[in-house]
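To start, the structure under review is shown below, and the notes come after it.
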Amino acid sequence: MMPVPAPKTSTDRPSADDHAETVRRITGFMRGFSLEATRLGAADLDALIAAVPERTPVYLTAVSGRPYAELVESASLLRSAGFEPVPHLAVRDLDGVDALDDVLARLEAGALVSRILVVAGDRDRPAGPFSSAIDVIESGLLQRRGVTEVGVAGYPQGHPRISADALDRALAAKIEAAEQTGLAVHIVTQFGFDAGAILSWLIRLRDLGIEHPVRVGMAGPTNLSTLLRYAQRCGVRASAQGLTRQAGLIKHLLGTSAPDDIIRPLAEACAGGRLGQVAPHFYSFGGPAATGRWATAVAAGHIVLDRTDGFGVEPS
């Protein structure tokens, strides 16, 4: 079994070379980051164009009860602006095969979508014949509408209603179904706050022989009250005390939290491809523009390491 890398302690005194290597690892890990947004207004899109590199993948959340036309419009705007739109497909919201085909056709025609994140969705009862992501993956409709790669969900910190073994089996089944139908696969995780739990999950994944690319979900910079609200809504195991500790004294005096002390140990552990292809995926609870600016600054190396496992972002 692959060992979990030992964390550095606050008593370590890195040399200048160690400092430079840590910055290099963080920036290397951050290149290729992706963002996730629920709504994209004109101001958000303009700010993304100004701050975020072209071809950055931007995932678009499918919100239950909202028309898919909004998702198609956002995907089209992102494609026109030079980004890579990756819409979510919440399959339980679709009332039939025709509805699925219609959404896929519009995403193909309007946004040239080739990658989609397929999830079951939040509905307890499906609106139509699709109850799980695997139902759509096996349908064959994705490939016929230009989709070449699917994202599937991962849960490093567990799921409130599903056991770890059941999650492992479901993940393996979705990967097998996708590959048997000619689709490439990557994994996008729920956002988490515990770097150790994320690393343990990545190691278990690789030990199980699952070597597919992973985008590790984490919350972009936002205020602590917003972060707690989303954590409770999504069933992420996190306490107010834990989040305050994660944010660090200066940040939580300012009322904000950033994922730097998740990124830094992940970057160290993933250096040199030791855990395969792993990249950060930011949920933009504080807004896509603010999240994009922060992530771009980190990827460019505009950071100052602190004495623990985090860093600050230098003002531009």
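FYI, it's all coordinate maths here, none of it is from the lab. Owing to the predicted nature of the structure, the values given are computational and were not obtained by experimental measurement. Positions of Cβ are generated from backbone atoms using ideal geometry, with glycine treated the same way; all protein chains shown enter the neighbour counts.
Just a few scattered comments:
- Between Gly151 and Ile116, Leu117, Val118, His186, the built amide H atoms are under 5 Å apart, and every one of these is 5 or more places off in sequence or on another chain.
- Computed over the stretch 1-159, the range of Cα coordinates on each principal axis works out to 61, 41, 26 Å, biggest value leading.
- For the stretch 62-70, putting each phi into the Karplus relation 6.51 cos²θ - 1.76 cosθ + 1.60 with θ = phi - 60° gives couplings of 8, 8, 4, x, 9, x, 5, 4, 5 Hz, in residue order, rounded to whole numbers and with x for Gly and Pro.
- The stretch 120-162: trypsin sites (Lys or Arg not before Pro) falling in loop per DSSP and having at most 15 other Cβ within 10 Å: Arg123, Arg161
- Evaluating 6.51 cos²θ - 1.76 cosθ + 1.60 at θ = phi - 60° for every residue in the stretch 107-121, the Karplus couplings come out as 5, 5, 6, x, 9, 6, 6, 10, 10, 9, 9, 9, 10, 5, x Hz, glycine and proline recorded as x.
- Over the stretch 17-298, the fraction of Cα-Cα pairs per 5 Å bin, rounded to whole percents and listed from the shortest bin up, is 1, 6, 12, 16, 19, 18, 14, 9, 3, 1, 0, 0.
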